[in-house]
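Student: This is the structure, below, for whatever I ask next.
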Amino acid sequence: MLTLYVEGSRWRAHLGEVVAANPGLVPVVKGNGYGLGLDRLAEAATELGTETVATGTYAEVATVAEAFPGAVQVLSPWRPWDASWVAEQVPYGERLTHTVGRVEDLSALADAARTGGRGTEPRVVLELLTSMRRHGFTAGGLRDAATQLDGLAVQGFALHLPIRQGGHLEEVEQLLSVVVASGIPSRRIYASHLTRADLTRLRTAYADFELRPRVGTALWLGDREALQVRATVEDVHEVERGDAYGYRGRTAPRRGHVLVVSGGTTHGVGLEAPSSGATGRARAARLVRGGLEAAGYVRSPFAVDGKRQLFAEPPHMQVSMLFVPSGVTVPQVGEEIDVQVRFTTTSFDRTVLG
Ligand SMILES: *Cc1c(COP(=O)(O)O)cnc(C)c1O
């Protein structure tokens, strides 16, 4: 069993602090729910009382909108070939906000809503292209867009900035002037990845704008100490040097133990290449250390005796086999060990909210 333990009071306290420090914050609830699940995050957003949440896609809207009573913004831009929005527009029409980033999509959305929707004007945010170059209108595109807004209710603008230390002040100031120049009257900006310092400065310098940060990672995963991941030890086998194990008939390089632990490719546990970050110098250092890593064993994210152990072979679908050399205190079958995971790519067997 791969289990995520959440220290509920600590986690909720952190969420409360982040929301209190960021007026207008829009929690981002998408993907695997940052490892915590979409429905759990939607419930947490409900408790936090935020007015709006953002999902990544239309397919996520129903799950989120069932557990969250407020407005739901979809971060992926509306596209005419993705018909899934129609299903969401009908039951959640008044609560749903679309993102639009191409001129031709404005009239296409308005037309499609007239024929396929419930007759309400679709609510849209207009995304501006940033240095990230993912989606959005250029300055010229936004000027054109200003003439194509019939049948749409503009809720504001969206800026998706690259993740960077040091801030984006100059870029955002330029984009705000693009907004003003477009003549579109809204002054609400949904901003992704603005630092707190930039937000503070922009709020002072541009008091006529309403800045609403959209935050996922720093909200849900911002206090890592509140989250612990543990894997059950499913089996332990003593091995002598030369004993064969695993799918590939590898042989134990030394005396020790083969541990079978929960957590495999289904959970998102993967191999890190042994060469990750291996410059010539790092590789040389490893060879000097003469460890098993030099012999092609890859460090796993599973810790035993306070140290990350080696994969005995690549992870299986639901378990991984570790090779633990003699001298290390091995856990009992049924005990749990710590695992380092990337939350956004991990599926847990269960989440225990304590
Ligand atoms: C995923 C996403 C976010 C949230 O990003 P975090 O780094 O998790 O805070 C914000 N805005 C957009 C457009 C996104 O796609």
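Student: Given the criteria within 30 Å of D338 (Cβ to Cβ), modelled with pLDDT of 95 or more, within 16 Å of the ligand (Cβ to nearest atom) and part of a helix (DSSP H, G or I), does L175 qualify?
Tutor: So L175 does not fit the description; no.
Student: Can I ask one more? crowded, with 22+ Cβ neighbours inside 10 Å, within 18 Å of the chain's Cα centre (by Cα) and within 15 Å of the ligand (Cβ to nearest atom) - does that describe any residue in region 82-99?
Tutor: So far as region 82-99 goes, no, none of its residues is crowded, with 22+ Cβ neighbours inside 10 Å, within 18 Å of the chain's Cα centre (by Cα) and within 15 Å of the ligand (Cβ to nearest atom).
Student: Another question, then. What residue, among those in region 44-58 that are farther than 17 Å from G8 by Cα and of a type in the set (A, V, I, L, M), is farthest from the ligand (Cβ to nearest atom)?
Tutor: Residue satisfying both the conditions and the ranking: V53.
Student: Right, next: From the residues in region 144-164 that are more than 21 Å from R95 (Cβ to Cβ) and within 14 Å of the ligand (Cβ to nearest atom), which one is surrounded by the most Cβ atoms within 10 Å (Cβ to Cβ)?
Tutor: The qualifying residue surrounded by the most Cβ atoms within 10 Å (Cβ to Cβ) is L159.
Student: Need pairs with beta-carbon distance below 9 Å; first residue closer than 23 Å to R201 by Cα and within region 1-24, second part of a loop (DSSP other than H, G, I, E, B) and of a type in the set (A, V, I, L, M); sequence gap 6+ or separate chains.
Tutor: V18/L25; V19/L25
Student: Are any residues in region 89-121 touching a residue at least 40 places away in the same chain (Cβ under 8 Å) and under 16 Å from V61 (Cα atoms), and if so, which ones?
Tutor: T97, T99
Student: What do you reckon, is L221 surrounded by fewer than 19 Cβ atoms within 10 Å (Cβ to Cβ), under 30 Å from G37 (Cβ atoms) and either among the aromatic types (F, W, Y) or within 16 Å of the ligand (Cβ to nearest atom) (or both)?
Tutor: Yes; evaluated as a whole, the condition is true for this residue.
Student: Right, next: Which residue pairs have Cβ atoms under 7 Å apart, sit 6 or more places apart or on different chains, and have a first residue in region 156-172 that is more than 17 Å from R203 (Cβ to Cβ) and of a type outside the set (D, E, K, R) and a second that is within 13 Å of the ligand (Cβ to nearest atom) and assigned to a loop (DSSP other than H, G, I, E, B)?
Tutor: H160/T130; H160/M132; H160/R134; P162/M132; P162/H193; I163/H193
Student: Do you know which residues across region 31-43 are of a type outside the set (F, W, Y), within 12 Å of the ligand (Cβ to nearest atom) and surrounded by 21 or more Cβ atoms within 10 Å (Cβ to Cβ)?
Tutor: G33, G35, L41
Student: So, one more: Got a sec? Which of T3, T50, T63, T46 is in a strand (DSSP E or B) and either at negative phi or touching a Ser or Thr at 6+ places or on another chain (Cβ under 9 Å) (or both)?
Tutor: Sole residue among the options that is in a strand (DSSP E or B) and either at negative phi or touching a Ser or Thr at 6+ places or on another chain (Cβ under 9 Å) (or both): T3.
Student: Moving on. In region 178-201, how many residues are part of a helix (DSSP H, G or I) and either within 14 Å of the ligand (Cβ to nearest atom) or more than 22 Å from E51 (Cα to Cα) (or both)?
Tutor: Adding up the residues that qualify gives 10.
Student: Of all residues in region 194-204 being surrounded by fewer than 20 Cβ atoms within 10 Å (Cβ to Cβ) and in contact (Cβ under 8 Å) with a residue 24 or more places away in the chain, which is farthest from A20 (Cα to Cα)?
Tutor: R201
The values are calculated or read from the model by the stated rules, or taken from the named source; none is laboratory data. Bear in mind the structure is a predicted one, so any value in this text is a computation, not a measurement. Reconstructed Cβ throughout: ideal geometry from the backbone, glycine too, with neighbour counts over all protein chains shown.
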